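S.K.: One structure follows; several queries about it will come next.
Read-outs: derived from the displayed coordinates by stated rules, not from any lab. All values derive from a computational prediction rather than experimental measurement. Note: ideal-geometry Cβ built from the backbone for every residue, glycine included; neighbour counts use all protein chains shown.
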Amino acid sequence: MPIHQLFPEPVYISNLDRALTNTESKTVQQYKKKTFKNVGNTTSTDSYILENLWLKNLKEDLTKKLIDYFDRIICTTNKIAPYITQSWLNYTETDQFHHHHSHQNSHVSGVFYINADKKVDSITFHRLEVPRMELVTTKYNTFNSMSWNFPVKTGDIVLFPSFLPHGVNEKKGNNTRISLSFNTFFRGKIGATDRLTELILK
């Protein structure tokens with residue numbers, strides 16, 4: 001008898017399929033000079049880094065992945081154009097972490113891994129609701145787990161609903177984990193006139 005996953009939350013994992021250019025890499029390194037101490041790691045003070053002209057091509061490539069997410073997962077007939085809003089860099093050193101959080105005022109959030117080692121780096125997603133009863137688990141799966149880890153490597157892109165809680169466990173390994181996080185929204189007409197739900201977003 002099959003067990004169906006009903007109303008699951010999507011986690012989209014892809015890859016940039018190219019290395020950063022020298023200019024893009026230098027730009028990322030320059031941002032490391034201007035950071036603030038976040039909960040567990042450090043974050044760029046600039047929260048619109050993809051507006052940097054030197055990162056124009058990277059923004060275009062990430063936007064293509066965002067559109068693919070909408071095409072494959074949202075599957076809407078509404079004529080909308082997803083776009084990246086805020087974007088920032090996170091630098092995580094050995095024994096540092098990224099606190100458990102979610103993103104407000106965003107529809108889909110993303111993380112692009114500029115430097116990550118699949119042997120020691122991952123992103124952890126957390127269950128939205130606490131189970132009604134606590135039972136001792138002997139074998140974990142996507143139905144009974146409170147959290148789930150996805151290993152990540154350089155070039156990976158992870159997209160997910162912004163409300164989905166996530167974080168990074170204490171980092172192992174000697175590499176500096178560098179990730180570019182971003183929020184998104186969309187322009188266009190949503191809802192339907194006959195359902196009295198129409199809304200035009202400009």
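S.K.: Considering only residues of the range 128-148 that are within 28 Å of residue 82 (Cβ to Cβ) and without any contact (Cβ under 8 Å) to a residue 24 or more places away in the chain, which is surrounded by the most Cβ atoms within 10 Å (Cβ to Cβ)? First the steps, then the outcome.
M.R.: Let us first name the residues in the range 128-148 that are within 28 Å of residue 82 (Cβ to Cβ), namely 128-129, 142, 147-148.
From what is left, the residues that are without any contact (Cβ under 8 Å) to a residue 24 or more places away in the chain are 129, 147.
Numbers: 129: 6, 147: 14.
This residue is 147.
S.K.: Can you pull out the residues in the range 52-86 that are over 15 Å from residue 188 (Cβ atoms), in contact (Cβ under 8 Å) with a residue 12 or more places away in the chain, assigned to a helix (DSSP H, G or I) and of a type outside the set (S, T, N, Q)?
M.R.: Within the range 52-86, 54, 55, 58, 59, 61, 62, 65, 68, 69, 72, 73 meet the criteria.
S.K.: Between residues in the range 110-121 that are part of a strand (DSSP E or B) and residues that are among the acidic types (Asp, Glu), which pairs lie under 6 Å by C-beta distance while being six or more apart or on different chains?
M.R.: Note: pairs meeting the criteria are 113/156.
S.K.: Hey, could you check the range 83-95 for residues that are crowded, with 19+ Cβ neighbours inside 10 Å and not polar (S, T, N, Q) and say which is nearest to residue 12 (Cα to Cα)?
M.R.: The residue in question is 84.
S.K.: Output the number of the condition that residue 133 fails; it satisfies all remaining conditions of (1) more than 18 Å from residue 62 (Cα to Cα); (2) under 13 Å from the mean Cα position of the chain (by Cα).
M.R.: Exception for residue 133: condition (2).
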